[in-house]
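Have a look at the structure below before the remarks.
The values are calculated or read from the model by the stated rules, or taken from the named source; none is laboratory data. Everything numeric here is computed off the predicted structure, so don't read it as measured data. We place every Cβ from the backbone using ideal geometry, glycine too, and count neighbours over all the protein chains shown.
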Amino acid sequence: MSEIGFYHLLRTPLERALPKIVEKAVSRGMRAVVVAESDERAEHLSAALWTYDPASFLPHGTAADGDPEDQPVYLTDHVTNPNGATVLVLTGGADAGETTDFERIIDMFDGRDEAAVAAARLRWKALKDGGHHLTYWQQTDQGGWEQKAEAGGEAG
């Protein structure tokens, strides 16, 4: 069963927080799939990954780039795993469904959007009721993450 972390954005927008999360995974030798709510949003996030830090290079691509199996980070509008990823990052309220292809699932949501927070609470409850191991991380004033809660089944 996947370990699922909820990441509550409070200080920075997704475009600034996502690159740091993905960069950390890639630096650990992991591959990731990032799911956005549309192809257009996936392309927008791809542009953010190219430009977030001029001194950094984070290899990634979208369907428009082709060869998804060669991309350490693949951005898309639906849950898929064409690059053998172990990390799934959900944005914009995307739902992982019943997928078990990933070791870790990261659900990032905008804490300044009441509808997004309410939807995240519903996803948390459903996953907790399903016996999943969950962690809840809240963004700090410095832009880092602090674990605030843990629930559900055993990690692993």
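For every residue, the table says whether it meets (1) out of contact with any Pro (no Cβ under 8 Å at 6 or more places or on another chain); (2) surrounded by fewer than 19 Cβ atoms within 10 Å (Cβ to Cβ).
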site	(1), (2)
VAL34	yes, no
ASP53	no, yes
PRO59	no, yes
LEU75	yes, no
ASN81	yes, yes
THR86	yes, yes
LEU90	yes, no
ILE106	yes, no
Matching residues in the stretch 97-126 (within 24 Å of ARG28 (Cβ to Cβ) and in contact with a strand residue (DSSP E or B) (Cβ under 9 Å, 6 or more places away or on another chain)) number 10
Residue hits (the stretch 108-156; among the polar types (S, T, N, Q), closer than 16 Å to ILE4 by Cα and surrounded by 12 or more Cβ atoms within 10 Å (Cβ to Cβ)) are THR135, GLN138
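Suppose we filter the stretch 54-97 for residues that are in a helix (DSSP H, G or I) and among the β-branched types (Val, Ile, Thr); how many remain? Before the answer, list the steps.
In the first step, residues of the stretch 54-97 are kept if they are in a helix (DSSP H, G or I); the result is 63-65, 68-70.
If we keep only those that are among the β-branched types (Val, Ile, Thr) too, we end up with none.
The number of residues fulfilling the criteria is 0.
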Within the stretch 104-137, residues being within 14 Å of GLU150 (Cα to Cα), in a loop (DSSP other than H, G, I, E, B) and modelled with pLDDT of 95 or more number 0
